[in-house]
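Working notes, structure below.
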Amino acid sequence: MSWNEIGSGADAIRKRINREPLPLLAIGLPWLSIILASMASFSPIIASAPIVPPLAYMMLLGWRMMRPGMLPVWAGMPLGFVDDLYSGQPFGSGILLWSLTMLAMEVIDERFLWRSFAQDWLAASLLMTAYLGTCAVLAGFVTGYPLPFVILPQVLMSVMFFPVVTGVIALLDRVRLLPLKRL
């Protein structure tokens, strides 16, 4: 082995060391994924009853549980505003409920420092049930007939689909932390 081969190997190693993720990708991917999930309500799926789970809300919960410091507490307001624009709920309900969710997650994070996935799933299930129930009541006030029992299939789908959403978030988190110099 010559000195040139040793030097070229060191250069190859040096190119892999001290590479950071792209700041725009590392900070912006959680926000972008939640916003794109809010736009999923524009899909051509038409149902006579609420069945599709609130994907954007589930993404918010998943990112907040997986990376607690990634989204600040105030992130519920702008993300809830975007969700209000696309969800069809009465305007302001997403802003209020998403902000309250972020505050509730802060309390959960302070109370339970070390959690398992089962505890996260339970917390997310309770928060999603409260969110969907409150959304049904708010929408019922606007339309004049609250039907909270109609959302039971949506609640069950949301609870059962949450592990899939956290798996997608884990994949996005790996992409977010790729050591790229430029895109």
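Residue pairs whose Cβ atoms lie under 8 Å apart, sitting 6 or more positions apart in sequence or on different chains, and linking a residue in segment 156-179 that is under 19 Å from Gln119 (Cα atoms) to a partner that is of a type in the set (Ser, Thr, Tyr) and buried (at least 18 other Cβ atoms within 10 Å of the Cβ), are Ile169/Ser33.
Per-residue answers, yes or no, for (1) within 26 Å of Gly28 (Cα to Cα); (2) open to solvent by less than 40 Å² (accessible area, probe 1.4 Å); (3) at pLDDT below 95:
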| site | (1), (2), (3) |
| --- | --- |
| Met105 | yes, yes, yes |
| Gly140 | no, yes, yes |
| Ile151 | no, yes, yes |
| Met157 | no, no, yes |
| Val168 | yes, no, no |
| Val175 | yes, no, yes |
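In segment 58-67, the condition of being under 15 Å from the mean Cα position of the chain (by Cα), in contact (Cβ under 8 Å) with a residue 40 or more places away in the chain and open to solvent by 40 Å² or more (accessible area, probe 1.4 Å) is met by at least one residue.
Evaluate the following for Glu110: is it open to solvent by 30 Å² or more (accessible area, probe 1.4 Å), touching a residue at least 12 places away in the same chain (Cβ under 8 Å), over 27 Å from Pro50 (Cα atoms) and assigned to a helix (DSSP H, G or I)? It is false that Glu110 is open to solvent by 30 Å² or more (accessible area, probe 1.4 Å), touching a residue at least 12 places away in the same chain (Cβ under 8 Å), over 27 Å from Pro50 (Cα atoms) and assigned to a helix (DSSP H, G or I). Among residues of segment 41-57 being closer than 19 Å to Leu127 by Cβ and either more than 9 Å from the chain's Cα centre (by Cα) or among the aliphatic types (A, V, I, L, M) (or both), the one that is most open to solvent (accessible area, probe 1.4 Å) is Val52. Reported count of residues in segment 40-83, each being at pLDDT 90 or above and assigned to a helix (DSSP H, G or I), is 23. Out of all the residues in segment 87-102, is one or more aliphatic (A, V, I, L, M), open to solvent by less than 60 Å² (accessible area, probe 1.4 Å) and free of Cβ contacts under 8 Å to residues at least 24 places away in the same chain? Yes; the residues of segment 87-102 include at least one that is aliphatic (A, V, I, L, M), open to solvent by less than 60 Å² (accessible area, probe 1.4 Å) and free of Cβ contacts under 8 Å to residues at least 24 places away in the same chain. Within this structure, Leu127 passes the test of being surrounded by 15 or more Cβ atoms within 10 Å (Cβ to Cβ) and under 19 Å from Met157 (Cβ atoms).
The values are calculated or read from the model by the stated rules, or taken from the named source; none is laboratory data. As the structure is a prediction and not an experimental result, all values here were calculated from the model. No Cβ is skipped: glycine too gets one built from the backbone with ideal geometry, and neighbour counts run over all protein chains shown. Keep in mind that these areas ignore ligands, DNA and RNA; they rest on the heavy atoms of the full protein, side chains included. Shrake-Rupley method; radii C 1.70, N 1.55, O 1.52, S 1.80 Å.
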